[in-house]
Amino acid sequence: MTAGIDRLTGQPLSGWPHVRQSLIVIFTTRLGEALLKRTFGFAGLGLLGRENMTPDALMRWYMALVIAVELWEPRYKITSLQFPRADNSPGQLQQGQIGLTVTGDFMPNALEGDFTVASQQSFSM
């Protein structure tokens with residue numbers, strides 16, 4: 001089990017909250033933005049605003065999301081994506097505020113080679 005520091009409060013962080021924070025960092029970092037890790041981040045950020053939200057564009061975005069998690073967070077494996085979130089209102093959708101719920105398997109000891117699934121975890125963005 002690994003531990004870290006909460007980037008907002010400075011308090012110790014471990015388990016699922018640590019993995020969730022890592023995923024958020026991955027999803028909010030553009031490729032090439034991390035100077036010492038040029039391949040770190042989420043290629044989907046470069047797709048935003050380039051084209052309309054067509055099924056093909058959405059599939060490319062989904063693929064970029066799954067690839068980023070596979071590359072950079074071995075303690076989590078995405079099993080499903082819900083887009084848009086169930087709580088999105090029509091007004092939010094018209095303004096481009098579309099939420100996403102990510103569900104996957106949490107494997108707390110994956111960094112040590114133990115890929116046993118401890119629980120299924122979801123979070124919304």
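Brief remarks on what is shown
- Furthest towards positive pole of dipole, L23, L81, G46, structure part the chain, Cβ charges: G46
- Convex hull per residue volume in Å³, alpha carbons only, for the range 3-124: 131 Å³
- With both labels modelled 7 Å from their Cα along Cα-to-Cβ, the R38 to M59 distance reads 3.1 nm.
- Placing +1 on each Lys and Arg Cβ and -1 on each Asp and Glu Cβ, with no other charges, gives the chain a dipole about its Cα centre of roughly 260 debye.
- For the chain: relative contact order, % (alpha-carbon pairs under 8 angstrom, 6 or more apart): 18 percent
- Added length on full extension, which subtracts the Cα-Cα distance from 0.36 nm per residue, M125 to I67: 19.1 nm
- Fraction of alpha-carbon pairs over 15 Å apart in the range 1-70 - percent: 60 percent
- In the chain, the longest principal axis of the Cα atoms and the axis of helix 15-27 are about 40 degrees apart.
Read the figures in this text as sums done on the coordinates, not as results from a lab. No experiment lies behind these values; they were computed from the predicted model shown. Glycine gets a Cβ as well: all are built from the backbone with ideal geometry, and neighbour counts include every protein chain shown.
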